[in-house]
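Undergrad: Right, I'll just put the structure down here and ask away after.
Bear in mind that the values in this text are calculations on the coordinates, not laboratory data. Quantities reported herein were computed from a predicted structural model and do not represent experimental measurements. Every residue, glycine among them, receives a Cβ derived from its backbone with ideal geometry; neighbour counts consider all protein chains shown.
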Amino acid sequence: MPEMTFTVQWPDGRRRRYYSPSLVITEHLTVGARYEVGDFLDRSAAALTEASDRVQAKYGFPCSSAAASLRDIRTAAAGTSGSVEVLAFEGAVSESAGGGR
């Protein structure tokens, strides 16, 4: 299963990298796009849940690293307003690749 990371910049300037066990994140986020925090959280949750479900279908258990990424995103989003910018996809996808929903 191809895995990747995605790097974002939060409204306060913090840059964080998150892990996805699947390329499905590229179907929900686009490099260079800005998403309001709530929208980014919704998109990330949908993508990481789908990615973890794919792991479970293939290996019989969900992806704990995807769950950790989602937990970290939820923590970072709590009490935050503004927009989150997707800076890069790394790993199995080139940085210029991107999807959208």
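Undergrad: Rounded to whole Hz and in sequence order, give me ³J(HN,Hα) for the range 36-49 from the Karplus expression 6.51 cos²θ - 1.76 cosθ + 1.60, θ = phi - 60°, writing x for Gly and Pro.
TA: Values, residue by residue: 4, 3, x, 5, 4, 4, 4, 5, 5, 4, 4, 5, 6, 5 Hz.
Undergrad: If you put +1 on each Lys and Arg Cβ and -1 on each Asp and Glu Cβ, how big is the dipole of the chain around its Cα centre, in Debye rounded to 20?
TA: 180
Undergrad: Hey, what did the chain get for relative contact order, percent, Cα under 8 Å, at least 6 apart?
TA: Details: 193 pairs, mean separation 43.0, N = 101.
Computed value for the chain: 43 percent relative contact order.
Undergrad: Sorted from largest down, what three extents in whole angstroms do the Cα atoms of the chain have along their principal axes?
TA: Result, largest extent first: 38, 28, 21 Å.
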